[in-house]
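Only one structure is covered here, and it is reproduced in the block below.
The values are calculated or read from the model by the stated rules, or taken from the named source; none is laboratory data. Note that the structure is a prediction, hence the values are computed from the model and not measured. Using ideal geometry, Cβ is built from the backbone for each residue, glycine included, and neighbour counts are taken over all protein chains shown. Each accessible area value is taken on the protein alone, full model and side chains, heavy atoms only, with ligands, DNA and RNA left out. Shrake-Rupley method; radii C 1.70, N 1.55, O 1.52, S 1.80 Å.
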Amino acid sequence: MNDLFDSKESKSAQLRERELFEQLPRLIENVKLLSEHYALAYGDLDASLASNRAGLAQFPITRKFNLPAQQKNNPPFGGINSVAIGQMARVFQSPGPLYESQSHENDFWRMGRAFYAAGFRAGDLVHNTLSYHFSPGGFIMDGGARACGCAVFPAGVGNTEAQIEAIEQLQPTGYTGTPSYLMALLARYNELHDKPCSIVKALVSGEPLTADMQQAFTEQGISVSQAYASAELGLIAYQAEGEQGLVVAEDIIVEIVDPDGKPVEQGEVGEVVVTSLDAKFPLIRYATGDLSAQVTTNEQSQRTNMRLKGWLGRADSAVKVKGLFVYPHQVQEICRRHDISGSLRIERDGFKDTITFCCQQGSVSADDIQATLQSVTKLKGDVLFVPNLHNSDQPLINDLRDG
């Protein structure tokens, strides 16, 4: 039985490629007229070059790492947008800060197929623990679940006790959010209730799903799948049962490139570069900063799109913690505000990521530094006063997690 979200997933690879690259030159021609960023970046390039992958590789890359500064210098979107801010459906701020837009309502981020591949169907109630505040994570997952006909409980972030009460009362069959928070919810639920949790399926994103986590979920009877997505691009790739790697989403073009922006050979590790075809907020050759590799597509699979090995690290200096990226310049900002030297230490306690801001003790209280840490990074952490920190060679972000 053909059990796919839609016919796009089984479309021949050649037809998919041809259709995407027929649209792209027209999009580029349009954004050269309407977008300040692309008018400058692509002004001397013939849009018709982008009619195939070799031609697309000749276009400059736009790097996510540079966007916060670019947007600050040219608000609100750094000149990338092709329409005015008032023509968007919603506007968001992610840590960085980085501003993103949503240009229409119905599964804008294309997450429906990821939920469907994870087994979500009409009649499921999905407990959504990503934030609906400032950043778009909650809306991204909400739209995908509803595209599958599911109902959604917008739990958002934190307030674990209230979330446990809602789970007990509403009996959701599905969960979406980070895998570490699902572990925390299950642990607390098991402490309070002498019975299995109602959740039997989950689509997780925002951080790696480790083998230990996967085993723990399986032992509790929960089928868990991963989605690789970003706030700006939406769904990039998703896990399908029995498939090797992650299936690249339809309607986008993915390249794996070297540091010079040149595509690497299949199987080689490189940076994930995505081209989306959204006419209002176009992202063309957008370098995510994530590392991955293309793996061979299973010829027996109904899904015909390219496969990614999964998330293999960062190409830039940002670090992902609890589903959010932390940047060195954010650590510098905390230091600047309090006139101190400091380093952010990231560790893993079981399944949970922890962050500690290490600095010399001075006239500033730990509570004040903690408040600034949360304000700048949107993450809660501890403060540790360390003697002679200014004599150490610690990096601004010291990631001590294994794997």
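Positive end of the charge dipole of the stretch 320-399 (Lys, Arg +1 and Asp, Glu -1 on Cβ, about the Cα centre): tell me which of L344, G323, S375 has its Cα farthest that way.
G323
Tell me, how many Å apart are the Cα centres for the stretch 333-403 and for the stretch 162-188?
Taking the Cα centre of each part, the stretch 333-403 and the stretch 162-188 sit 29 Å apart.
Treating only the Cβ of Lys, Arg, Asp and Glu as charged (+1, +1, -1, -1), what charge dipole size does the stretch 30-180 show about its Cα centre? Round to the nearest 20 debye.
440 debye
Equivalent-ellipsoid semi-axes (√(5λ), Cα gyration tensor) for the stretch 320-399, whole Å, largest first?
Equivalent ellipsoid semi-axes, largest first: 19, 14, 12 Å.
Can you send over the solvent-accessible area of L98, 1.4 Å probe, protein chains only, in Å² to the nearest 10?
Solvent-accessible area, nearest 10 Å²: 10 Å².
Using the Cα centre as the reference, give the magnitude of the dipole from point charges on the C-beta atoms of the chain (Lys, Arg: +1; Asp, Glu: -1; all else neutral), rounded to the nearest 20 debye.
Computed charge dipole of the chain: roughly 480 debye.
Report the one residue of Q302, G261, A240 whose Cα lies farthest in the direction of the positive end of the charge dipole of the stretch 239-315 (charges on C-beta: Lys and Arg +1, Asp and Glu -1; origin at the Cα centre).
The residue sitting farthest along the positive end of the dipole is G261.
Over the chain, give the accessible area per residue in Å² for a 1.4 Å probe, as an integer.
Normalised by residue count, the accessible surface of the chain is 46 Å².
How much solvent-accessible surface does E165 expose, in Å² to the nearest 10, with a 1.4 Å probe and all protein chains in place?
130 Å²
Between L24, L49, L235, which gets the highest mean-square fluctuation from a Gaussian network model of the chain, Cα cutoff 10 Å?
Result: L49 has the largest fluctuation of those listed.
Which residue, A287, A216, A151, has the most motion in a Gaussian network model of the chain that connects Cα atoms within less than 10 Å?
Of A287, A216, A151, the most mobile in the Gaussian network model is A216.
Go through R285, R110 and list them by solvent-accessible area, largest first, probe radius 1.4 Å.
Largest accessible area first, the list is R110, R285.
Roll a 1.4 angstrom probe over the protein heavy atoms and tell me the percent of accessible area of the stretch 320-399 that is carbon or sulfur.
Here carbon and sulfur together make up 43 percent of the probe-accessible area.
Of all beta bridges DSSP finds with both residues in the chain, what is the antiparallel percent, to the nearest 5?
Taking every DSSP beta bridge within the chain, about 60 percent pair in antiparallel fashion.
Kindly provide the helix-only [θ] at 222 nm of the chain, computed as the sum of -39,500 (n - 2.57) over DSSP H runs of four or more divided by all residues, to the nearest 500 deg cm²/dmol?
That comes out to -8500 deg cm²/dmol.
Please identify, among L33, L324, L20, the residue showing maximal mean-square fluctuation in a Gaussian network model of the chain using a 10 angstrom Cα cutoff.
Among L33, L324, L20, the largest GNM mean-square fluctuation belongs to L33.
Put +1 on the Cβ of every Lys and Arg and -1 on every Asp and Glu Cβ in the chain; which of L40, S230, T129 then has its Cα farthest towards the positive end of the dipole?
Selected residue: L40.
So if I place +1 on the C-beta of Lys and Arg and -1 on the C-beta of Asp and Glu, and nothing else carries charge, what would the dipole magnitude of the stretch 34-98 be about its Cα centre? I want it in debye, nearest 20.
Around 320 debye, computed over the stretch 34-98.
Tell me the label only: which of [x] 131; [y] 175; [z] 152 is volume of the Cα convex hull per residue in Å³ as calculated from this structure?
Answer label, from the structure shown: [z].
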